[in-house]
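Visitor: The structure's right below; bear with me while I get my questions together.
The values are calculated or read from the model by the stated rules, or taken from the named source; none is laboratory data. Owing to the predicted nature of the structure, the values given are computational and were not obtained by experimental measurement. Cβ atoms come from the backbone with ideal geometry, glycine included; neighbour counts cover every protein chain shown. Side chains included, ligands, DNA and RNA excluded: accessible areas come from the protein's heavy atoms. Shrake-Rupley method; radii C 1.70, N 1.55, O 1.52, S 1.80 Å.
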Amino acid sequence: MSLDQSIFPEARRQIEICNACRYCEGFCAVFPAMTRQTAFADGDLTQLANLCHNCRGCYYACQYTEPHEFALNIPAALAEVRAESWERLARPQALARLFQRHGVAMAALLVLALAGFFWALAAFEPATGTGFYAYLAHGAMVAIFAPAFVLPLVLIALSLRAYWHEVGAGGLRLRRVLQAFDKAARMKNLSGGHGEGCNFEQGDRFTNRRRWLHQAVMYGFLLCFASTISGTVMHYALNWPAPYPLLSLPKLLGIPGGLMMLAGTAGLARLKLRADPALGAARVWGGEMAFILLLGAVALTGMALYAATGTALVAPLLAAHLATVLVLFVLMPFSKMVHGFYRMAALMAEAGKPAPAGGGE
Ligand code: SF4
Ligand code: SF4
């Protein structure tokens with residue numbers, strides 16, 4: 001059942017008007033999917049909401065926005081359903097509700113507390129170890145970070161299973177997975193139906209900036225993740241522990257990845273400040289901004305740590321970096337981070353549905 005009883009009836013009212021109008025049919029994946037039916041259950045609206053990426057093109061094109069009596073605001077209506085679905089389907093739900101109410105404070109306090117914890121831990125210098133492991137033993141890092149990474153992924157898998165069931169997605173086939181990955185890799189839906197991008201930040205001016213910034217963050221994050229994996233392989237399989245030189249896989253992947261994340265998060269934060277909050281889920285604006293800043297802090301502390309190698313700043317920067325990474329992982333099922341997983345699930349669910357009347361994507 002919906003956490004806010006007014007969200008679904010309002011989204012349904014607006015989508016039914018769109019389904020009669022259909023002017024925005026070519027804008028994004030939402031409208032072709034909408035045309036497949038004439039009645040919308042809560043699960044149908046949840047699926048449409050997770051296909052929407054809040055580009056706002058349909059708002060600026062619409063002749064039924066306020067002051068028209070229909071008062072349409074599809075980007076906001078779908079953003080509310082989307083945020084509600086992430087909260088309602090999250091496991092454990094109580095923690096998700098707590099995060100929705102106090103997410104910014106929780107993230108900030110956790111970063112501070114964990115930075116203090118890692119700083120204190122570094123005082124017990126390991127007997128052996130070089131580089132970062134001179135401050136925190138490799139075994140201790142693995143013992144802390146492995147469960148902090150795996151458990152949130154298990155919780156996300158549970159919530160995605162509930163989503164899959166709610167939207168009636170059917171069987172999962174390899175073809176659907178490949179189609180979804182293809183669209184996500186190109187961020188096709190962020191290019192707008194016409195390929196000129198969103199008008200997220202400036203009314204009627206279309207731009208692909210939001211798409212490029214999203215790609216910088218996503219590919220930057222994946223490069224950093226690949227850097228960590230390569231370091232782990234070198235540590236265990238090649239018996240080559242950190243620190244690694246500049247011309248090594250962890251550095252060649254990690255440095256561009258960190259720079260891309262920094263540029264992407266700075267740009268996305270700026271866009272969010274310029275955009276109209278009334279065209280999104282206003283109640284989660286702070287949490288979404290905090291998530292962007294947390295991702296930026298992970299990249300900034302990582303790059304600063306690299307630059308400070310061999311100086312006295314390594315210990316405090318390592319504590320700050322480990323704290324931001326740990327908070328990012330631990331809060332993954334409840335923060336905006338989860339939107340990437342839901343977007344993939346929505347694209348996979350959509351790939352299995354019959355083609356909409358009149359073609360579509
Ligand atoms: S957003 Fe407005 S213009 Fe677009 S399909 Fe809906 S009612 Fe029509
Ligand atoms: S805000 Fe953009 S992505 Fe969402 S329904 Fe409107 S046109 Fe589609």
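Visitor: For q values of 0.11, 0.13, 0.18, 0.25 Å⁻¹, compute log₁₀ I(q)/I(0) with the Debye formula on a Cα-only model of region 7-86, without solvent.
Guide: -0.23, -0.32, -0.64, -1.34
Visitor: A further question follows. Convex hull over the alpha-carbon atoms of the chain: what's its volume per residue in Å³?
Guide: 142 Å³
Visitor: Calculate the spin-label point distance for Ala308 paired with Leu174, positioning each point 7 Å from the Cα along the beta-carbon direction, and give it in nanometres.
Guide: 4.8 nm
Visitor: Quick one: angle between helix 74-89 and the longest Cα principal axis of the chain, in degrees between 0 and 90, rounded to 10, please.
Guide: Roughly 50 degrees between the two axes.
Visitor: Provide, for q = 0.12, 0.16, 0.20 Å⁻¹, the log10 of I(q)/I(0) from a solvent-free Debye sum over equal Cα point scatterers in region 219-361.
Guide: -0.64, -0.97, -1.26
Visitor: I need to check one value: relative contact order of the chain, counting alpha carbon pairs closer than 8 Å and at least 6 residues apart, in percent. Don't jump to the answer; show the numbers that get you there.
Guide: Numbers: 460 pairs, mean separation 93.3, N = 361.
Relative contact order comes out at 26 percent.
Visitor: Kindly provide the Kirkwood hydrodynamic radius of region 155-274 in Å, to one decimal, from all pairs of distinct alpha carbon atoms.
Guide: About 17.2 Å for region 155-274.
Visitor: Run the 1.4 Å probe and let me know the accessible area of Glu16, rounded to the nearest 10 Å².
Guide: 90 Å²
Visitor: Modelling each spin label as a point 7 Å along the Cα-to-Cβ direction, I'd like the Leu247/Ala20 distance in nm, to one decimal.
Guide: Simple spin-label model gives 7.0 nm for this pair.
Visitor: Oh, and also: Between helix 209-236 and the chain, what is the angle of the helix's C-alpha long axis to the longest principal axis, kept within 0 to 90° and rounded to the nearest 10?
Guide: 40 degrees
Visitor: Quick check on the chain: helices-only [θ] at 222 nm, where DSSP H runs of length 4 and up contribute -39,500 (n - 2.57) each and the sum goes over total residues. Nearest 500, please.
Guide: Estimated from H runs of four or more residues: -21500 deg cm²/dmol.
Visitor: Just how large is the dipole of region 1-115 about the Cα centre, in debye to the nearest 20, putting +1 at every Lys and Arg Cβ and -1 at every Asp and Glu Cβ?
Guide: In total the dipole reaches around 320 debye.
Visitor: Give the residue from Leu326, Trp240, Asn73 lying farthest towards the positive end of the charge dipole for the chain; charges sit on Cβ (+1 for Lys and Arg, -1 for Asp and Glu) and the dipole is referred to the Cα centre.
Guide: Trp240
Visitor: I'd like the isolated cysteines in the chain, meaning no second cysteine's beta-carbon lies under 4.7 angstrom from theirs.
Guide: Cys18, Cys21, Cys28, Cys52, Cys62, Cys224
Visitor: Which order, highest average first, do 95-106, 249-260 follow once you tally other Cβ atoms within 10 Å for each residue and take the mean per peptide?
Guide: Numbers: 95-106: 16.3, 249-260: 19.2.
Top of the packing list down: 249-260, 95-106.
Visitor: In addition: Sort the following peptides by mean Cβ neighbour count (other Cβ atoms within 10 Å, averaged over residues), highest first: 306-313, 51-58, 228-235.
Guide: Result, highest mean first: 51-58, 228-235, 306-313.
Visitor: Set the Förster distance to 25 Å, then compute FRET efficiency between Trp285 and Asn208 from the Cβ-Cβ distance, nearest 0.05. Could you put the intermediate results ahead of the total?
Guide: On the way: r = 23 Å, r/R0 = 0.93.
With a Förster radius of 25 Å, E is 0.60.
Visitor: Something else now. At 1.4 Å probe size, with every protein chain present, just tell me what the per residue accessible area of the chain comes to in Å².
Guide: About 47 Å² of surface per residue is accessible.
Visitor: Further, regarding this structure: Of the heavy-atom accessible surface of the chain (probe 1.4 angstrom), what whole percent is carbon and sulfur?
Guide: 68 percent
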